[in-house]
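First up is the structure itself, then whatever we jot down about it.
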Amino acid sequence: MKAMNKTLPKLLRRTTFVLGLMGALLQAEDTFAQKKKKKGAETPAAAAPAPAARPQNNGPANGPKPYKEVITARAKSKAGLFKVHQIEDKYFYEIPDSLLGRDMLMVVRIAKTADGIGYGGENTTNLMVRWEKNQDDILLKVVSVNNYAADSLPISMAVKASNLEPILQKFAIKSRATDTTGIVIEATDLFTKDNQALGLQRNRRTQYRVTRLDNERSYIQHVHTYPINIEARYVLTYAASEPPSNSVTGLITLEMNASMILLPKEPMKQRLADQRVGWFARSYVDYGADEQRATSRRYLDRWRLEVKPEDEEKFKRGELVEPKQPIVYYIDPATPTKWVPFLKQGVEDWQKAFEAAGFKNAIIAKEAPSPQEEPTWSPEDARYSVIRYFASDIQNAYGPHVSDPRSGEIIESDIGWYHNVMNLLRNWFFIQTAAVNPDARSVKFDDEVMGRLIRFVSAHEVGHTLGLPHNFASSVAYPVEKLRDAAFTKEFGTAPSIMDYARFNYIAQPEDKGVSLMPDVGPYDKYAIMWGYKPILEAKTPEDELPILDQWILEKKGDPIYRYGRQGNSYDPTTQSEDLGDNAMLASDYGIKNLKRIMPNLIEWTTEKDKPYKGYADLEEMYGQVIGQFNRYMGHVRTNVGGVMEIYKSSGQGDAVYTHTSKEMQKSAVDFLNKHLFATPTWLMDDAIISRIGDFGALERIRGIQVTTLNGILEWGRLGRVIENEALNGNNAYKITELFDDLRKGIWTELASGRSIDVHRRALQRAHIERLELMLTGNEPQLPAQFRAFAGPQINASQSDIRPMARGELKTLQSQIRGAIGRTSDRMSKLHLEDALERINKILKETSGE
């Protein structure tokens with residue numbers, strides 16, 4: 001509810017609505033309901049003599065056999081993309097000659113998993129494959145999509161010579177089809193032998209010390225064939241020295257699902273990507289481009305929405321037209337009836353966005369037909385996109401899609417909806433709005449309230465399946481005070497994009513009557529859908545579209561509502577998760593005021609009066625949510641220190657992409673943390689709550705937030721940005737000397753007055769000394785080589801200003817603590833200061849070389 005190029009572009013994208021999530025070129029994670037699907041029509045083969053012994057997969061020495069000797073009278077046969085024949089525990093594919101050499105997707109997911117190994121629906125492998133004939137064998141080849149050159153260009157020969165297609169599996173031809181236009185192979189071993197691409201991933205094999213696949217405990221559960229796809233469900237059992245659960249067995253058992261989907265013979269025209277508009281995109285190296293280097297070509301993942309030829313003139317006049325083929329989502333029949341309308345509304349909330357692209361009725365939600373209405377309908381059929389409802393305690397939902405790697409065309413999508421996402425929604429809505437919203441002041445919401453929350457998440461996940469990643473810059477577009485304005489929020493929502501993690505309006509105060517509390521499909525979403533989907537009829541090639549696409553972006557230049565900010569940018573305070581408004585300090589101050597209003601009511605609001613026999617589990621969970629929300633506010637503020645804003649621009653715009661956070665904002669952030677966190681937040685220590693939920697740990701909760709935040713400020717990369725800012729901007733920068741002075745004054749306030757130091761402050765002050773010691777003696781941890789390219793430069797601590805600053809701070813504290821000991825009368829405080837002085841003396845002595 002968590003958007004990166006890899007050597008093999010991923011064919012699926014997972015985007016989760018959970019406290020994030022964020023990016024790959026293609027995500028999809030398609031989990032199938034844990035029940036047996038309705039079988040397709042069975043077509044018994046013609047009668048034959050008594051069956052011969054089963055042929056082995058390496059084939060008979062004298063070549064293919066007569067059809068009736070292979071596909072015997074015992075076969076249970078189903079028609080689809082390939083005919084699939086089951087004879088006891090063996091499966092045979094009857095492959096038409098017309099499908100040899102055709103591009104197909106092989107998408108492998110975990111359907112059911114052992115505890116500790118991912119989750120049902122997790123994508124593990126994505127391959128583009130072709131079935132090709134080689135004498136009396138059929139080869140299943142993996143097709144590379146990383147490198148490309150048009151066949152008409154001489155360089156295409158070099159590209160092909162450097163990208164020999166690996167053979168995933170070889171199959172002996174068992175027989176010709178009855179009409180001689182196809183071949184028969186036995187496919188059993190593809191799913192029951194240890195084929196790494198279709199089973200447990202290599203990293204997990206290493207992690208759990210897997211030694212082999214246990215063939216006796218591995219089998220095919222079923223193979224279903226549909227008009228454009230084949231779904232194979234199979235169980236694999238591995239012997240492992242260190243399995244993540246049930247270790248006494250020495251085994252890991254997984255249920256896997258391999259989808260093989262036929263791709264269109266004619267790929268859809270690509271639309272080239274632009275980093276200024278957020279979009280799931282894929283890429284390959286185009287060696288045929290007229291460049292003097294190897295050039296990466298990036299293009300969007302999107303549905304094929306086309307104007308009917310008879311409507312082209314209407315479209316050109318600006319009239320809304322219906323697409324040739326709309327996007328249709330079906331609601332899983334396993335969905336509780338009362339939630340179906342809200343899931344459907346979440347889908348159709350995107351209709352207004354597609355209207356900006358010139359289409360009406362472009363996206364539609366339907367209830368799945370009953371077996372009586374359509375006996376052959378199945379959620380596994382790739383012709384249907386489905387919101388799948390899972391009876392699971394996982395607090396999540398995710399929006400994947402399956403795309404053609406040649407063009408980016410989205411073929412289908414199955415959104416995963418876990419039942420327990422409702423608990424996640426309840427917690428968020430309670431903590432972020434209960435101070436101003438009576439509807440959120442209980443542990444069980446009315447169905448209409450929960451339904452509206454479900455609609456919100458449904459719309460977010462559908463946005464992912466349309467091609468949109470998280471846009472974490474969206475929430476900063478609106479001024480904080482505007483989010484307290486009822487008229488403004490009713491018109492514009494609480495963020496310009498529902499694709500941000502902008503959850504609910506924690507800024508609104510009790511006096512702000514009528515203010516909206518959640519985002520909707522907003523102006524950025526409409527703009528992005530227009531940019532990605534509006535047909536440019538006059539363009540013959542993707543390159544022809546580029547001037548128009550660029551102009552659409554420039555029309556919104558400088559307007560923060562239409563800015564895209566990527567997920568995972570940890571140093572940009574304007575692209576954060578779970579935040580609202582353009583000033584984290586002001587927004588968090590309002591948020592803390594609301595948490596302080598919730599705390600005195602927490603026991604009452606988590607008690608169900610009709611269930612007096614219940615314990616305090618809900619109180620404990622919601623108190624943890626208060627702590628967690630407070631911690632988020634601290635994180636939002638901390639990111640301003642050493643912050644650098646990233647706003648993508650084209651070279652033609654001539655503007656800077658990276659801008660350091662202003663000195664005033666950085667100083668304001670440190671002042672905020674000194675006031676609200678480092679000065680002990682005693683309001684969080686409510687004895688009435690703590691005495692009901694645990695015998696120990698309350699102090700550790702507060703200490704953990706304080707120390708994590710302090711260490712996050714004094715983090716190597718952040719300090720490196722502070723130093724660089726001063727080098728670039730001089731006195732306009734928030735200098736490292738100012739940062740260290742402000743922190744010391746906030747953390748060690750008691751030294752000047754001799755006041756007693758409470759237990760929280762003593763722990764914080766010790767943590768400060770320990771962090772300074774690390775900065776004086778340690779180095780930034782080295783990332784593994786495979787991550788360094790994505791992480792950016794790492795600071796060389798020994799040659800930077802960090803070590804002298806740490807030593808100087810320790811010396812300053814040494815002097816100030818020595819002077820404060822005599823002024824301090826509280827015994828525990830005095831002991832603490834004496835210990836702190838000894839610690840500093842030892843550090844300085846050991847690092848002085850004496």
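The values are calculated or read from the model by the stated rules, or taken from the named source; none is laboratory data. Not measured: the values here are computed from a predicted model. Here Cβ is always computed from backbone atoms with ideal geometry, including for glycine, and neighbour counts include all displayed protein chains.
Listed by position, the strands (runs of 3 or more DSSP E) contained in segment 57-121 that have at least 2 residues being of a type in the set (D, E, K, R), in the same structural domain as residue 248 (by TED's automatic domain parsing) and over 23 Å from residue 135 (Cβ atoms) are 76-78, 104-112. Take residue 289 and decide whether it is of a type in the set (A, V, I, L, M), closer than 27 Å to residue 387 by Cβ and either outside any helix (DSSP H, G or I) or in the same structural domain as residue 416 (by TED's automatic domain parsing) (or both). No, not satisfied. Of the residues making up segment 697-727, those that are farther than 13 Å from residue 795 by Cβ and among the basic types (Lys, Arg) are 701, 703. Counting only residues that are in contact with a strand residue (DSSP E or B) (Cβ under 8 Å, 6 or more places away or on another chain) and at pLDDT below 95, segment 675-732 holds 0 of them. Flag set for residue 643, criterion: modelled with pLDDT of 95 or more, within 20 Å of residue 726 (Cβ to Cβ), under 25 Å from the mean Cα position of the chain (by Cα) and small (Gly, Ala, Ser). State which residue is surrounded by the fewest Cβ atoms within 10 Å (Cβ to Cβ) when the search covers only segment 432-468 and only residues that are assigned to a helix (DSSP H, G or I), under 23 Å from the mean Cα position of the chain (by Cα) and among the aliphatic types (A, V, I, L, M). Per the stated criteria, the residue is 453. Just a yes or no: is a residue in segment 644-666 of a type in the set (Gly, Ala, Ser) and in a helix (DSSP H, G or I)? Taking every residue of segment 644-666 in turn, at least one turns out to be of a type in the set (Gly, Ala, Ser) and in a helix (DSSP H, G or I). Taking the criterion of being under 17 Å from residue 213 (Cβ atoms), β-branched (Val, Ile, Thr) and surrounded by fewer than 16 Cβ atoms within 10 Å (Cβ to Cβ), the only residue of segment 235-271 that qualifies is 249. Of all the numbered requirements in (1) crowded, with 22+ Cβ neighbours inside 10 Å; (2) in a strand (DSSP E or B), residue 169 misses one, and that requirement is (1). Among the residues that make up segment 794-813, is at least one of them over 37 Å from the mean Cα position of the chain (by Cα), in a loop (DSSP other than H, G, I, E, B) and of a type in the set (Gly, Ala, Ser)? Among the residues of segment 794-813, not one is over 37 Å from the mean Cα position of the chain (by Cα), in a loop (DSSP other than H, G, I, E, B) and of a type in the set (Gly, Ala, Ser), which makes the answer no. Checking segment 545-559 against the condition returns no match, with no residue being β-branched (Val, Ile, Thr) and assigned to a loop (DSSP other than H, G, I, E, B). Being outside the structural domain of residue 408 (by TED's automatic domain parsing), polar (S, T, N, Q), in contact with an Asp or Glu (Cβ under 9 Å, 6 or more places away or on another chain) and assigned to a strand (DSSP E or B) holds for only one residue in 296, 283, and it is 296.
The set of residues from segment 484-510 being under 28 Å from the mean Cα position of the chain (by Cα) and among the polar types (S, T, N, Q) comprises 489, 494, 497, 505. Within segment 278-287, being aliphatic (A, V, I, L, M) and surrounded by fewer than 23 Cβ atoms within 10 Å (Cβ to Cβ) holds for one residue alone: 285.
Those strands (runs of 3 or more DSSP E) of segment 320-402 in which 3 or more residues are at pLDDT 95 or above occupy 327-331, 363-367. Please specify each residue of segment 216-269 satisfying the condition of being assigned to a loop (DSSP other than H, G, I, E, B), touching a Phe, Trp or Tyr at 6+ places or on another chain (Cβ under 7 Å) and polar (S, T, N, Q). Across segment 216-269, there are no qualifying residues.
The residue of segment 596-644 that is surrounded by the most Cβ atoms within 10 Å (Cβ to Cβ), among those that are farther than 13 Å from residue 689 by Cα and acidic (Asp, Glu), is 608.
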